[in-house]
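Peer 1: Let me begin by handing over the structure; questions about it come next.
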Number of protein chains: 2
Amino acid sequence: MVPYAPPESAAREKYRRKHPVAQFDIEILTALQAIVGESRVLTDAENLQHYGQDWTRFHQPSPAAALLPGSIEEVQAIVRIAAEHQLALVPSGGRTGLSAGSVAINGELVVALDRMNRIEGFNPIDRTVRCGPGVVTEQLQQFAEDRGLYYPVDFASSGSSQIGGNISTNAGGIKVIRHGMTRDWVAGLKLVTGTGELLDLNRGLIKNNAGYDLRHLVIGAEGTLGIVVEATMQLDRAPGDLAVMVLGVPDMRAVMHVLTAFQGEMQLSAFEFFSELALRKVVAHQDLQRPFATVTEYYALLEFEQGDERALEKAMALFEHCLEQGWVEDGTVSQSVAQAENLWRLREDISETITPWTPYKNDISTIISRVPDFLAEVEAVVNSKYPDFEIIWFGHIGDGNVHLNILKPEALGVDTFREQCGEVSKWVFEIVQRYGGSVSAEHGVGLLKKDYLQYSRSPLEIDIMKQIKLAFDPQGIMNPGKIFDL
Amino acid sequence: MVPYAPPESAAREKYRRKHPVAQFDIEILTALQAIVGESRVLTDAENLQHYGQDWTRFHQPSPAAALLPGSIEEVQAIVRIAAEHQLALVPSGGRTGLSAGSVAINGELVVALDRMNRIEGFNPIDRTVRCGPGVVTEQLQQFAEDRGLYYPVDFASSGSSQIGGNISTNAGGIKVIRHGMTRDWVAGLKLVTGTGELLDLNRGLIKNNAGYDLRHLVIGAEGTLGIVVEATMQLDRAPGDLAVMVLGVPDMRAVMHVLTAFQGEMQLSAFEFFSELALRKVVAHQDLQRPFATVTEYYALLEFEQGDERALEKAMALFEHCLEQGWVEDGTVSQSVAQAENLWRLREDISETITPWTPYKNDISTIISRVPDFLAEVEAVVNSKYPDFEIIWFGHIGDGNVHLNILKPEALGVDTFREQCGEVSKWVFEIVQRYGGSVSAEHGVGLLKKDYLQYSRSPLEIDIMKQIKLAFDPQGIMNPGKIFDL
């Protein structure tokens, strides 16, 4: 069969003729200052460094300027100037991304939404909150809690990530098996397109089957379709007390059995896993104890809403059943909020604990049932090629999302390690492709995984994405070079 | 401000030059017969009538032929022939649609997916089912139930609607406040595009942030982007026993208070409403009794998972609270499955009950909190212009989706009534627009609401949709004229 070759589109041809991006001159600077105010066009080295990078730290930031607009109208005015002069824009939220989706390395204008951080409205009947894009995740969580409600999307960077960025990356986290991704909580959003027009998508409606749902296209588009300038976020009923259970599990296949057994009987809000090696490191480096003396290859962490004693009774009965079946060798359950928090730390502190080993990290997924075989294949190839590499596994096994972490052996230089990890990436992504998995489960593509997109998406899909981008952004000025090159 | 005028795109110009659709000749007929078999190319009057229409019955069906492919490859081969000769295709499922999304009135080829009705695979760990597009909704529900699981999307036409059609219309129904729309249960889908290529979108992954989520674009696109030829549907844990409560509520504002009170404390699986007039008609024409003697302007129907007595106790306490506040004047709760079913019939039999009045129907939504004002405005305008029209309200108030039904006065001819209702539509949609609502909450746009799309979507949104369509279907052969004209 002849492989699919996308036809060259007129729009894309035109785009190529226009670039490279025009020079950033004093006239444009003055025009931008007139929009946002002189003090909000930042061009000093420190700010360019600050606003030009995210948490990846793999690229040397080099924006032309960072702009701090204070309103939707200011964002539109900036985009119109950029469109007129074909200047590339990089939308920027809390810059906590891990795929270099909001880095500026080519003289772009960074549009930082930090000042648009107000909660603009709350509707108690609809249980929706209208947010500026710069509202910090934790700020929204707290706002909900203060009103007896709940914003359930939660992850390590909640203290600094922003709603606009969460939407643009479809942020996931630790409650996905019960509450879904950011996608599931966006009731509406406003987007400034690449021509400076404003789209008001879905307007908070729960049911709206009037044409294509463009909102879902923008969610996870990493700023390549435009700048999210407002969002209406859905809140949920506050959950009751949460109980946490940690189980010692002999192998990955048993982890699957435990998941199926529990999910068949109860509503879990989290089902995480980590390996013995991960646990050993966490206990050694944090002020934490092992959950129990028994050593097993893997550990599962389950969370569920307690409500009354019945939930706990059911969980204990399921635990007994899993013990009898040999799927579990030991376990513990939290008796207090403090204990629950400590058990969570066994999982959540892993990332911080292994930082000194400058780990190679990869955020990948398959369907849940294929995770055991997938893990085994990845381990086999890494162990056979680099037997001195230590692999740390952890992640959100309940939704098929595992985080692969390879620690740098002490004797190995950082550059050599990175180079070898480049090879590992190729092997891993080839396995991902064979398993029909995703090269980016929750971190997005950005610059970091752009070259690997083809392992998860077909040439036709990528071509359609490019055409869609041009429908929103005909000049290709919105976060160019992220996800794909036009 | 100058209104937005979409630029003429080269692709669209090219599309216009090519049309009208080429004639359907004997050579093409032979080629199609070679693909699906002679007996599966239907051209007799009865079958053309059958396959050319859906439940709307507003248009005279006039397809050139109906084709019954049996595999993905056959669908691809059909599309390639259609693309070569610029023949329009109408994908067709159970044809239970209410917006004429799958009618064929212009000599199109109907591609009926009835034969592709096998459940191809079940994964108990992932809790997913791989379905042919022709799998009937009830078939999937039963398949899930037989395995102790649950497919929660449910609506009146579950006995004949098909999964491919549900996906293409993003079917909603009566459990949306807890379980969402069809959109929320599609873990993956395969689509044959307008060039006959096969897209395999999302492949069952729960977490997949590798580029734009094209799956969500296809869901609700009413077959205009291609033909859904397979779907991986997510199943849920089976719910416990469900209890149903019917409450007599004095006015719409009180309905909102009741909703907020209950949703703050418990997880509801349905929150429906209907008016006294609707109740009176249902009781008069079906074998049903009033839920209680008290007459109120509206009735709310709540459903929740019973689990144990605590849920019922909580519901009773909330009922008492609502009584004290004057939000509720009477109520009843089911004591058995049979009683729950009878209470549900008070709501579900309304549509059938009013059929003899050849009602004008409209399926619209706003955000929940604006429903009372919205209803009052619609009633005011209809009552002032046509005081002899009876309005029956019912619907899914918990998600802002109301069904407006106007009964034909006996003395009025059908044609005059329809003409007058055409005027009503304009008034209603102008109100919908002012309320930021949707002209189609759950039924889709099809042919029926195409002329009203602009009341819910901006010119720029509609232009972007057209460009997206051309990215999937460069010749515009996929269900042309539905949702919008290119």
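Peer 1: Calculated FRET efficiency, residue A:373 and residue B:73, Cβ-Cβ r, R0 35 Å, to nearest 0.05?
Peer 2: 0.75
Peer 1: How far, in degrees from 0 to 90, does helix B:276-285 lean away from the longest principal axis of the Cα atoms of chain B, to the nearest 10?
Peer 2: 80 degrees
Peer 1: Also, quick follow-up: As I understand it, the dipole of region A:119-237 uses +1 on the Cβ of Lys and Arg and -1 on the Cβ of Asp and Glu, about the Cα centre. Which of A:211, A:171, A:152 lies farthest toward its positive end?
Peer 2: A:211
Peer 1: Average partner chain C-beta neighbours within 10 Å, per residue of B:195-206? Mind showing how you got there, number by number?
Peer 2: Values: counts 3, 0, 6, 3, 5, 4, 3, 3, 7, 8, 12, 16.
Counting Cβ atoms of other protein chains within 10 Å of each residue's Cβ and averaging gives 6.
Peer 1: Under a cut-off of 12 Å between alpha-carbon atoms, report the aspartates and glutamates in cross-link reach of residue A:408, not counting same-chain residues fewer than 8 places apart.
Peer 2: A:388, A:390, A:419
Peer 1: Compute the long axis of helix A:371-385 from its Cα atoms, compare it with the longest principal axis of the Cα atoms of chain A, and write down the angle in degrees, 0 to 90, nearest 10.
Peer 2: Rounded to the nearest ten degrees, it is 80.
Peer 1: A further question follows. I'd like the distance separating the alpha-carbon centroids of region B:196-221 and region B:379-416, in whole Å.
Peer 2: Taking the Cα centre of each part, region B:196-221 and region B:379-416 sit 39 Å apart.
Peer 1: Which percent of the accessible heavy-atom area of chain A goes to carbon and sulfur, probe 1.4 angstrom?
Peer 2: Ligands and nucleic acids excluded, carbon and sulfur reach 48 percent.
Peer 1: Another one. Give the Rg/Rh ratio for region A:270-372, taking Rg as the radius of gyration of the Cα atoms and Rh as the Kirkwood radius, to two decimals. Write down the numbers at each step before the final one.
Peer 2: On the way: Rg = 15.0 Å, Rh = 15.4 Å.
Result: Rg/Rh = 0.98.
Peer 1: Which whole-Hz couplings ³J(HN,Hα) result when phi for each residue of region A:334-349 is put into the Karplus expression 6.51 cos²θ - 1.76 cosθ + 1.60, θ = phi - 60°, listed in order with x for Gly and Pro?
Peer 2: Working through the residues one at a time gives 5, 10, 7, 4, 4, 5, 4, 4, 5, 5, 4, 4, 4, 8, 6, 8 Hz.
Peer 1: Follow-up. So how much accessible surface do A and B hide from each other in total, probe 1.4 Å, in square angstrom to the nearest 100? Walk me through the intermediate numbers first.
Peer 2: On the way: alone 21650 and 21660 Å², together 36690 Å².
For A against B, buried area totals roughly 6600 Å².
Peer 1: For region A:358-455, count the residues as N, evaluate 2.2 N^0.38 Å, and divide the Cα radius of gyration by that value, please.
Peer 2: Region A:358-455 yields a ratio of 1.02.
Peer 1: Kindly list the residues of region A:420-463 that lie in the label zone of residue B:200, defined by a backbone N under 15 Å from the point 7 Å along the Cα-to-C-beta vector.
Peer 2: Within reach of a label on residue B:200: A:430-439, A:454-462.
Peer 1: If the label point is 7 Å along Cα→Cβ of residue A:267, which residues in region B:300-314 have backbone nitrogen under 13 Å from it?
Peer 2: Residues passing the 13 Å test: B:304-308, B:311.
Peer 1: Follow-up. Averaging over every viewing direction, what projected area does the convex hull of the Cα atoms of the protein assembly as shown cover, in nm²? Show your work: numbers first, answer last.
Peer 2: Values: hull surface 161.9 nm².
Computed as one quarter of the Cα hull surface, the answer is 40.5 nm².
Peer 1: Give me a comma-separated list of calculated 3J(HN,Hα) values for region B:193-199, in order, Karplus coefficients 6.51, -1.76, 1.60 applied at θ = phi - 60°, integers in Hz, x for any Gly or Pro.
Peer 2: Listing the rounded values in order: 7, x, 9, x, 6, 9, 9 Hz.
Peer 1: Any chance you could check the Cα centroid distance between region A:226-268 and region A:444-486 for me, in angstrom?
Peer 2: 31 Å
Peer 1: Could you derive backbone 3J(HN,Hα) for region B:433-446 from the dihedral phi with the Karplus parameters 6.51, -1.76 and 1.60 (θ = phi - 60°), listing whole Hz in sequence and x where the residue is Gly or Pro?
Peer 2: So the Karplus estimates, Gly and Pro as x, are 4, 4, 8, x, x, 10, 6, 9, 6, 9, 8, x, 9, x Hz.
Peer 1: Turning to a different aspect of this structure: Can you pull the semi-axes for region B:117-190, root of five times each eigenvalue of the Cα gyration tensor, sorted largest first, whole Å?
Peer 2: Numbers: eigenvalues 57, 39, 30 Å².
Semi-axes from the Cα gyration tensor: 17, 14, 12 Å.
Peer 1: Let me ask another. Taking the Cα centre of the protein assembly as shown as the origin, how large is its charge dipole in debye, to the nearest 20, when only Lys and Arg (+1) and Asp and Glu (-1) carry charge on their Cβ atoms? List each step's numbers first, then the result.
Peer 2: Details: 86 positive and 128 negative charges, 479 e Å.
For this selection, approximately 2300 debye.
Peer 1: Now for a different question. On a 0 to 90° scale, report how tilted helix A:137-146 is relative to the longest principal axis of chain A, with both axes built from alpha carbons and the result rounded to the nearest 10.
Peer 2: Taking the Cα atoms of chain A, the angle to A:137-146 is about 70 degrees.
Peer 1: Right, another one. What do you get for trypsin sites (Lys or Arg not before Pro) in region A:19-108 restricted to DSSP loop and a cutoff of at most 13 other Cβ within 10 Å of the site's Cβ?
Peer 2: Loop-located and lightly packed - A:57.
Peer 1: Which whole number gives the average count of other chain Cβ atoms within 10 Å of the Cβ atoms across peptide B:457-464?
Peer 2: Partner Cβ neighbours, averaged per residue: 5.
Peer 1: Using a 10 Å cut-off on Cβ to Cβ distances, tally the other chain neighbours for every residue of B:123-130 and report the average as a whole number.
Peer 2: Mean number of neighbouring Cβ atoms from other chains: 5.
Peer 1: Under a plain spin-label model, where a point goes 7 Å from the Cα along Cα-to-Cβ, how far apart in nm are residue B:286 and residue A:142?
Peer 2: 5.0 nm
Peer 1: In chain A, what is the volume of the convex hull around the alpha carbon atoms, normalised per residue and reported in Å³? Walk me through the numbers on the way to the answer.
Peer 2: Numbers: hull volume 83.2 nm³, N = 486.
Per residue, the Cα convex hull of chain A comes to 171 Å³.
Peer 1: Sorting check: for B:447-458, A:163-174, which peptide has the highest mean count of neighbouring beta carbons within 10 Å, and how do the rest follow?
Peer 2: A:163-174, B:447-458
Peer 1: What FRET efficiency would be calculated for the residue pair residue B:29, residue B:237, taking the C-beta separation as r and a Förster radius of 51 Å, to the nearest 0.05?
Peer 2: 0.55
Peer 1: Moving on. Going down the list B:385/B:466; A:469/B:426; A:450/B:469; A:281/A:482; B:385/B:482; A:207/A:314, which pairs span over 28 Å between their C-alpha atoms?
Peer 2: Cα-Cα > 28 Å for B:385/B:466; A:469/B:426; A:281/A:482; B:385/B:482; A:207/A:314; rest within.
Peer 1: Still on this structure, I have one more. Where nothing but the Cβ of Lys and Arg (+1) and of Asp and Glu (-1) is charged, how large is the charge dipole of region A:358-455 around its Cα centre, in debye to the nearest 20?
Peer 2: Taking the Cα centre of region A:358-455 as origin, the dipole is about 220 debye.
Peer 1: For A:357, A:344, A:393, what's the largest-to-smallest order of accessible area, 1.4 Å probe?
Peer 2: If we order A:357, A:344, A:393 from most to least accessible, we get A:357, A:344, A:393.
The values are calculated or read from the model by the stated rules, or taken from the named source; none is laboratory data. Remember, it's a predicted structure, so these values are computed and weren't measured experimentally. All Cβ positions, even for glycine, are placed from backbone atoms using ideal geometry, and neighbour counts span all protein chains on display. These accessible areas exclude ligands, DNA and RNA; they are computed on the full protein's heavy atoms, side chains included. Shrake-Rupley method; radii C 1.70, N 1.55, O 1.52, S 1.80 Å.
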